[in-house]
Structure formats: structure tokens, C-alpha cells
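The values are calculated or read from the model by the stated rules, or taken from the named source; none is laboratory data. Just so it is clear, the structure is predicted and the values come from calculations on it, not from any experiment. FYI the Cβ positions are ideal-geometry reconstructions off the backbone, even for glycines, and counts take in every protein chain you see. In case anyone asks, the SASA skips ligands and DNA or RNA and just uses the protein heavy atoms, side chains included. Shrake-Rupley method; radii C 1.70, N 1.55, O 1.52, S 1.80 Å.
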Amino acid sequence: MELQMKVAQAVHVLNHDSQSCNRVAANQWLVQFQQTDAAWEVATSILTSNYHQQFVSDFEVEFFAAQILKRKIQNEGSYLQMGAKDALLNALLLAAKKFSLGPPQLLTQICLALSALMLHAVEHGKPIEKLFCSLQSLENHDEGTIAVLEMLTVLPEVVEDQNTDHRTSSAQRREYGREEQLLSHTSVVLEFLHRQSDKSFDSSIQLQGRHRKILRCLLSWVRAGCFSEIPPSSLAGHPLLSFVFNSLQVSSSFDLAIEVLTELVSRHECIPQVLLCKVGFLRDILLLPALSSGDETVISGLACFLSEIGHAAPSLIAEASPEAFVLTDALLSCVSFPSEDWEIADSTLQFWCSLASFILGLDVDSGENVKSVKVLFFPVFSVLLDALLLRSQVDDSTFYGDGVMVDLPDSLEQFRMNLTELLVDVCQLLGSTAFIQKIFLGGWTSNSLHIPWKEVEAKMFALNAIAEVNITEAQEIDFSFVIHLVTILSSRPRDDAKGFMRLVYKSAAEVVASYSKWISSCQTNTRSLLLFLATGISEPLCSAACASALLKLCEDATAPMHEHSSLEILLWIAESLDERHLPLEDEEKVVSAIALLLGSLPNKELKNNLLARLVSPCYEAIGKLIDENQDHSLRHNPASYSQFVNGARRGLHRLGTVFSHLVTESSTGSDLDDPLIPLLGVFWQMLEKLFQSEHIGNAVLSMAACRALSQAIQSSGQHFTFVLPRVLNCLSTNFVSFQSHDCYIRAASVLIEEFGSREEYRHLFVSIFERFSKSTSIMALTSSYICDQEPDMVEAFANFTSIFVRCSPKEVLVVSGSILELSFQKAAICCTAMHRGAALAAMSFMSCFLETGLNALVESLAHGSELESIVGISDSSIDAMAIQVISHSGDGLVSNLMYALLGVSAMSRVHKSATILQQLAAMCSLSERTTWKAHLCWDSLHGWLHSSLSTEFTS
């Protein structure tokens, strides 16, 4: 008794003491107590005795005791002796009878403990059968019926948990497996539930609670598969099915009845046919009154249940019986219901998608039958589209919100995401013409003063969702609706693009982007379209959509955009970019659109003038930063300096974007009309000055400068060769000065890829390769840990070396043998890095080098010549150089490859590693036929593998 009182006191402190230290101490004591043998007796005594504590809640202590027994039975029940198990069984049965009328949480814990105990009694006979015998004796008492119901409810769940418990032996699973024991008692359980359900419905709280318990128990056994052995004909008329159906009409049991019926529909093919006949009754008796009163619980439950019927048997609905149309009519009512969120409408989408997909997927060979089904369901999907367009509108709080950022409610955003697939199916069923007619319906186009903007925004969303279908069908569509909308929006003051109107701009811009080809082919007011996009670009919520739409229009509507008024608007947009403060990705789309269009102008003089206007603000921004006259004052004003740096960075980014969309018109550089020639001249003068200034120490500025340089090189062709030595010098010098700036290596990679084959520059490329390879940051790559600290540097250098090997003449590669050997050894180390990109880039270089050496060796052997000795290597002997590098680096290469295959993310490296090992094996095999056999052969590879594996297994 004393220990029992201590438990009660500890529970009270744990739940009610105001001091956290006391609660922690009580919790620690209770945890330790649960692990003692005395916990069995104390917990059992608490549940079976009538002793009460005056200072603590009886329920809290009793609930804790039940939890103790459940946990100890689960963990230690198999070690109990037979006599102890029988005594504990009788005590738990007594406790179940004692607490049969509540509290329900306590009864559930007792039943869970009782079930777990019986399942641990395998060695004393079939446990579930023994449990059912005990339940029959418990049922003989009136107060025991509730306990039996709770026991039967938790039993399938406990059996399932026991079957999946890794501590349960295979012999135990066979003994109390669901098929062998649990489901063999199905008839007894169903008969018991039938007897309980025969009691007439009553409004008393007690009987309502009993009916809920019956439904909970039935649901548990349905999920366990209790009806799997019952013939479909018997199942359709089973009395429990009628009980569940009748329970729908009782508010207290409605939700559980829906769960049971939904579970039955998903498990048994015959149930949808049976329940379809009762849909009319459900609609008239339950759904229509609920729609009138706004009872969302009933509407939501019926929407889920009816959707499940149709989703389980779409072929049944496609038969177009009167009952099928009653079901679709009921679900249409649910979709249209104006609930505060979108969950009810969302719950029906799976059914509509299943039905639409089934109809669309009907055998084409059936011909007229398919056509007749589509005709019969045309009105249904037409009404559905109206309902979906209505429900996809924003709520009032979003519509009237005037905050800086207006976002769709999460539930509406999710509803629209789920709705997209259905809108495509509906469009295919109705046809694009009929679908778009629904979108364009509305008389507001003649009166711009009273526009239902919520409706317009929702229709723009729907029109954008089906763009792929319309583009595929390539039908002629009248987009006057969209053009008129754009005209109205472009004529509104810029300040009106606030609050919800930002969403309208965004949706309209997405439609313009999706249908840009058709919109551009219309006789339209291009000026209004550009002004609309210009306004939207300035707003954060819709800037990305409007920028994308502008880019699409400039790609698809070349002729209308070449008009003088259009060009002026585009240049005005470009010149005001500094005021708009767009994200770089949006700004890049805008500049890309304008550069692409200007580059396609047939008038060269006009093209050059407009391009000069486009890049002039960029040069001004860079010039302000490198202006020596104000450099000193800038340094003493951090805010202004930061602003100037950011302006120069954006200017460089725009210049690079412009260069990426311009293509040189002459490969010789003699065409003075080429707009790139004057642009490149000014660009390099400013860039060289920037590279030589102190400002270039800024990493972001360096990255922008190197990006612009790379894009200029890739677009300029041979026009850049006249400054190539100075460019290479700037890149290598700045990298040595700022060795964390890998952008210089990446820019050099572009140069080598563009000009690597030019023999007159071979010494420059070898020199820059050597400077990079012997720099402090590259030489410091001596472990996988260091590689993971600088993954971008590793990736940049590995890509540079790969391009060098791939693009350089063979004479350059031979001269660079010692540098390549150093790089190869660094790559072998880097392939062990945890960073996937860095490791794979290093592996790609090694594979590229091995492939080059292997090809040279094959070519040499094909011509019948043997390699010379190591002293007499000729200038063209790439194969000799490759063998020398491999013979010096093979041991480290194989060791690091094995380490990489045993490390993190090893699966991502298997393919690359296998390729490298195959190439290495091929080199060793072919070297056997040359005078280099003493330096590289099969024995070399065998020794490296043996050494590597021995080291790995030893460590």
C-alpha cells in the first residue's frame, strides 16, 4: 500500500506540480519504477482495488497503471509464468468489467493490455481462441458488453502490430496469424455485433455511445478483412450493412458510418452497385437538407463517400443509369457548395478524374458507343466546369486584402494544383472550343467599370491550365477576350496594380506566355500588351510571370515588336530596370527578350543604335564604380559604395545576357557593321580596368564580371582573339590574388574551349594551367575533408582540366605532362569527397585523361609502332605521357576509388568508377604489347588492387 501511495503521489506531481524540477524528478522515479518487478503487482492492485486517494485524481493513477501493464506485457509478457499470466488475465478481465462504462480512454488501455497478454500466451494454447472464451464469460454481464466491444475493436490492431514486431518469432506469427486465428472468429464477431445492433435506436446518450462503439468495432474488423470470405450476394444483404446505412441518419454516428461504408466500398467490388441504388435516398434525406442548413460535416462526409463509390467503379457510372446521374448530380451540389475552404470540392476531384479518364480511355473501336457516352455526360461535365470555375475563385479576405504581398490561401492553392489534371480531362471531353466558350462567357467586356475580377482571375487560371491541350490541338482560337482584358489593365493607373489585382496581372501574364504564338498572330494592339507587361514587371508578385510573358512574346511576335512604338516601350522598360529592383532571374528574362528582338532587326543602323541604348546604362553603372575621381569618396561611404557595387554587378549581368543573345555576323571580324565589334571594344576596356582595380576583390562582383566575359567570348567568335593574352593574364593574376574566387577558373575554361585548338596560343594555355595547378588553393587539396570545404573550387578546377585535355593539341598535352600528373593525383584525392558534384567532376577528368591516353595508345599500336623508352619521348607521344602519369599515380588512384566506393553516396559513383577501372585495365592490357611493359602491365593493376583492398580491410 505504501508503494501504491508513492506512485499516486508521483503521478500527481508529474501532472500538477508547478515546479519543473519536481516534475522531472517525478518522471524519473516513475520511469525507474516501471522497470521493477513490483510494478506488476502495484499496477494490478490500482486497477482492481477500490482504494481511493483524496489528493489525486483516480483516473490519472488508474490510466498510468494500465499503461504500465500494457508496456510491461509488450516487453516482458513472454517471460511470465503460466500461473502469473492466468492471474493477470483474471485481473484485467475484472478491470475491464469495472471500467466498462468509462472513462473510455482507460478502458481502451486495459483492453490493449489484455489483448497483448493473450497473444503472449502462445505456449499455452491458441491465444485468440482462449481470449474469445474469456470474452463470452464477460459478455454474460450487462456491464461487460461495452468491454467486449472495446476488446474486439483493439484486437485486430494489436494482432497486426504483433505480426510486424521484429521480436515476434515466425512460430508465434503462424500461431496467432490473422488468417489462422483472427479471421476464423469472424462469424462470432459479426453475430455479436448483429445482436448489439438489433437494439432499437434511441436518443439516449448511453445508446448513442453504444452505437458508436459498434461502428468502431465493425470498422476495425472490416479493415482486418472480416467480409473477405462472405459471398458477394450475401454481403449485399447483410444486416450489418443495413445497420451502418441507417446509422447515417443519426448525427452522433454519421461520421463513423461514413468511414465504415467508405472502407467497404474500397474493399468489395459488389458494394458500389448496392449503395448506388441508395444514393437517391441519401441525396433527398441527408444531402439536400444539409445543403440548405449549411451542415458542412454531413456535406463533407457524403462528398467523400459518394466520390469513393464512383472512384471505385467508374465503369458503373459510365453506364449512365438514372442512379449514376443521381450520384453525379449530388456531387455537383457538393462541388458548388460555398464552404469557407476548398476541402469539400477537393475531395470530389479524384472521382471526376477517374470518370473522365475512363470515358476518354474507352476503346476507340467501339465507335458510336464512345460518342454516345460522351454526349450523355457532356451536360454533367459542362455544369462541373461552371462549378469548378466558381470554386477556384479566391475568398473575400484575399480579394479585399491590400497588403504588399497577396498570396492564395494554402487550401485554395492546393485545390488548384489538384484541379489542373481534371481541367485538362474536362477540356478533352468537352472539346477546346466548348471549354473556351465557357471561359469567355460574361458580359463585362462591354463595361470595364464593373468587372468581376475574382471571376476573371479564376478563368485565367483555368485557361492557362489547359494551354498544353489547346496548343497540341492547334485550333483557331479567338483571343479577343484576353486582348480586351490586357487593354483594360494597361489603361489603369499603375497604382491600381495593388492587392488582389496583382494576382490578376499574374494570371493574365501566364496566359499571354502560354498562348503567345496565337496572341501575337491576332490583329492586336501591341502597345497595350507591352504596357500591361511593363506595369506587371514592377510588382513583386507578378514580375516573374510578366517577365516570362515578355520573353515569349519577343520570341514569337517578331514582326509586331519591330514597330517603332513597340521598340520604344521595350527600351523604356530596359532603361528603367534600375528603378524596378527585379530579382536577377526576372531581370535576365527582360533583358533576354529585348536583346533577342533587337538582334533580329533587319536594319543594321537601327539595330546598332538601339543596342547602344540598351547597354549604355550598364556601362554607366560600371564606369561609376571604376571612376578614379570618386574612388576615394566612395570608400568612406559604405552605403553608397555598396549601392555602386550592386549597380555594377547588375550592369555586368545585363551585358552578359545581351552578349548571349547576339551572334557575330562575320567569322573574320572584318564586317564593321557587326554590332558586337564596338560593344566588345568598350566592354573589354571597362572590364580590364575593373579586373585591375581593388573593387574586384568583391566575390559577387568577380562572379558577375567573369560571367559577362564568358558569355561575350562564347558569342563573339574570333572577334575576341585580339585581347586574348591580356584576358588570360587578368584571369590568372586575379585567381592568384583571390584564390577563393573559382569564377576565374570557370572563365578560363570557356577560353580554352573556344580557342584551345589555336597553336599560336599554346604557351599561354600551358602557362595558365600551370599557374592554376600550382596555386595555393589547388595544392592544398590533400584530403577529402579539405575538398568538401571547397567543393566549388574542386568542381571548377576538375572541369577546367577536362576541357584542357579535350581541347588542347597533342603537342600541348605532352608538354603539360608533369602538370597533368599533378592534376590527376589531385583528382584522385577529390573523388573521395562527400560532395557529390565535386567527386563526380574529379572522376570525369580522370576518365577523360584515361580515354585520351587509351585512344593514343590504340592508334599507336594500330600503326605497328612500339613506344620508345622513357628517356626518348617524342613531342607527339601522348600515349607515353599517359603511361608515365598512370604508372606514377595508379596506386593512389585505385586506393582512392576503393575508398570512394565504400563511402557516402557510393552508388552515385559506381558507374564512373567502373568506367575508370575499365579504362585503366585496358591501358594495362595494351601496355603489355609495348616496351613500356616494365612500367605498366597487368601485374601493376593487380598490385594496386591488392594493396588497396588490404589497406581497406585492415583499417
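A straight chain from residue 297 to residue 723 at 0.36 nm per residue would run longer than the Cα-Cα distance by 145.8 nm.
Placing unit charges on each Cβ (+1 for Lys and Arg, -1 for Asp and Glu) gives segment 520-643 a dipole about its Cα centre, and among 544, 582, 606 the Cα reaching farthest toward its positive end belongs to 606. Using the Karplus relation 6.51 cos²θ - 1.76 cosθ + 1.60 with θ = phi - 60°, the per-residue 3J(HN,Hα) values for segment 543-551 come to 4, 5, 5, 5, 5, 5, 5, 4, 4 Hz, with x marking Gly and Pro.
What angle, in degrees between 0 and 90 and rounded to the nearest 10, separates the Cα long axis of helix 410-430 from the longest principal axis of the Cα atoms of the chain? That works out to roughly 80 degrees.
The trypsin sites (Lys or Arg not before Pro) of segment 211-254 include none that meets both conditions, a loop assignment by DSSP and at most 14 other Cβ atoms within 10 Å of the site Cβ. Measuring r between the beta carbons of residue 688 and residue 559 and using R0 = 60 Å, the FRET efficiency lands at 0.90.
Here the relative contact order of segment 765-869, from alpha carbon pairs under 8 Å that lie six or more residues apart, stands at 33 percent. Count Lys and Arg as plus one, Asp and Glu as minus one, and take only other residues whose Cβ is under 13 Å from that of residue 283; the net charge is then -2. Sequence-distant contacts, meaning Cα pairs under 8 Å at least 6 residues apart, place the relative contact order of the chain at 4 percent.
Going 7 Å from the Cα of residue 500 in the Cα-to-Cβ direction, what parts of segment 334-365 have a backbone nitrogen less than 16 Å from that spot? Within reach of a label on residue 500, which here means backbone N under 16 Å from a point 7 Å along Cα→Cβ, segment 334-365 contributes 339-341.
Estimated at 0.36 nm per residue, the fully extended path between residue 757 and residue 811 surpasses their Cα-Cα distance by 18.4 nm. For helix 82-98, what angle does its Cα long axis make with the longest principal axis of the chain, in degrees from 0 to 90 and rounded to 10? The angle comes out at about 80 degrees. Against the chain, whose longest principal axis comes from its Cα atoms, helix 743-755 is set at around 60 degrees. Judged by the ratio a/c of the largest to the smallest principal axis of the C-alpha gyration tensor, the chain counts as oblate, that ratio being 1.5 or greater while a/b is no larger than b/c. With a sphere of radius 12 Å drawn around the Cβ of residue 335, what net charge do the other residues whose Cβ falls strictly inside it have (Lys, Arg +1; Asp, Glu -1)? Result for the neighbourhood of residue 335: -3.
How many percent of the accessible area of the chain is carbon or sulfur, using a 1.4 Å probe?
Working: 21850 of 41850 Å².
Within the chain, the accessible surface is 52 percent carbon and sulfur.
In sequence order, segment 903-918 has phi-based couplings of x, 5, 6, 5, 4, 5, 10, 4, 4, 4, 4, 4, 5, 4, 5, 5 Hz under the Karplus curve 6.51 cos²θ - 1.76 cosθ + 1.60, θ = phi - 60°, and Gly or Pro positions carry x.
Quick one: grab the alpha carbon gyration tensor of segment 551-619, order the square roots of its eigenvalues as a ≥ b ≥ c, and give me rounded if a/c is under 1.5, else prolate or oblate depending on whether a/b is larger than b/c. Numbers along the way, then the final one.
Values: a/c = 1.92, a/b = 1.33, b/c = 1.45.
Oblate shape, in that a/c is at least 1.5 and b/c is the bigger or equal ratio.
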